[in-house]
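Chemist: Can you read through this structure? Questions will come right after.
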């Protein structure tokens with residue numbers, strides 16, 4: 001294996017989100033409250049189905065479905081403020097995946113983050129736990145024109161590491177993130193199948 005990518009989840013989250021750090025619960029609370037404040041709705045199923053998509057695009061999709069025209073920039077800003085407040089002490093690491101990253105780093109395997117999150121949040125979460133230096137590159141939604149499920153984030157991460165995408169293994173927790181990595185030509189590991197990693201799929205379908 002020449003490369004292991006850890007999307008934020010993405011990520012990257014996670015994505016870091018849902019992959020490296022356990023942010024999905026607070027993000028759902030922030031997303032839901034933002035929708036309610038702007039006269040919209042969001043179900044837990046919708047939240048996980050859209051995991052990996054940049055937050056402004058998520059609100060745009062929901063607004064179109066609900067035939068409303070909110071201020072999407074204001075929604076994204078409000079959601080970020082709520083999420084930051086909820087996670088002011090930092091989210092917990094998802095240790096089974098972090099341990100994989102640590103082992104890869106110790107063997108000299110180049111690692112990148114490919115996240116739909118914003119760079120200050122993603123790097124802040126990783127820096128807060130002292131693990132940011134393990135990653136040779138951090139690619140986030142600001143760096144590409146198209147977010148997940150387009151392959152752009154993963155392709156750019158591989159480019160920054162100087163590795164052919166077909167020789168990469170992407171670790172993901174979101175269906176759209178996995179689609180993104182596959183479209184980039186990468187092998188994909190669903191971290192939800194790793195023992196000890198939170199798996200929200202059952203809760204999302206109830």
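Chemist: I'd like the residue in region 92-113 that is at pLDDT below 90, out of contact with any strand residue (DSSP E or B) (no Cβ under 8 Å at 6 or more places or on another chain) and outside any loop (DSSP other than H, G, I, E, B) and, out of all such residues, is farthest from residue 25 (Cα to Cα).
Modeler: Once the filter is applied, the top-ranked residue is 106.
Chemist: How many of the residues making up region 69-87 are more than 17 Å from residue 115 (Cβ to Cβ) and not in a helix (DSSP H, G or I)? Give the derivation first.
Modeler: If we filter region 69-87 for residues that are more than 17 Å from residue 115 (Cβ to Cβ), which is where we start, we get 69-75, 77-78, 81-82, 85-86.
After this cut, where a residue has to be not in a helix (DSSP H, G or I) as well, the list is 69-71.
So the count comes out to 3.
Chemist: Something else now. How many residues, within region 16-68, are modelled with pLDDT under 85 and either in a strand (DSSP E or B) or on the phi > 0 side of the Ramachandran plot (or both)?
Modeler: 5
Chemist: I'd like the residue in region 24-42 that is out of contact with any strand residue (DSSP E or B) (no Cβ under 8 Å at 6 or more places or on another chain) and more than 18 Å from residue 70 (Cα to Cα) and, out of all such residues, is surrounded by the most Cβ atoms within 10 Å (Cβ to Cβ).
Modeler: 28
Chemist: Is there any pair linking a residue in region 41-67 that is more than 21 Å from residue 81 (Cα to Cα) to one that is in a loop (DSSP other than H, G, I, E, B), with Cβ under 6 Å and at least six apart or on different chains, and which?
Modeler: Taking only residues 6 or more apart or on different chains, the pairs are 66/40.
The values are calculated or read from the model by the stated rules, or taken from the named source; none is laboratory data. Just so it is clear, the structure is predicted and the values come from calculations on it, not from any experiment. Heads up, the Cβs are rebuilt from the backbone with ideal geometry, glycines too, and the neighbour counts pull from every protein chain shown.
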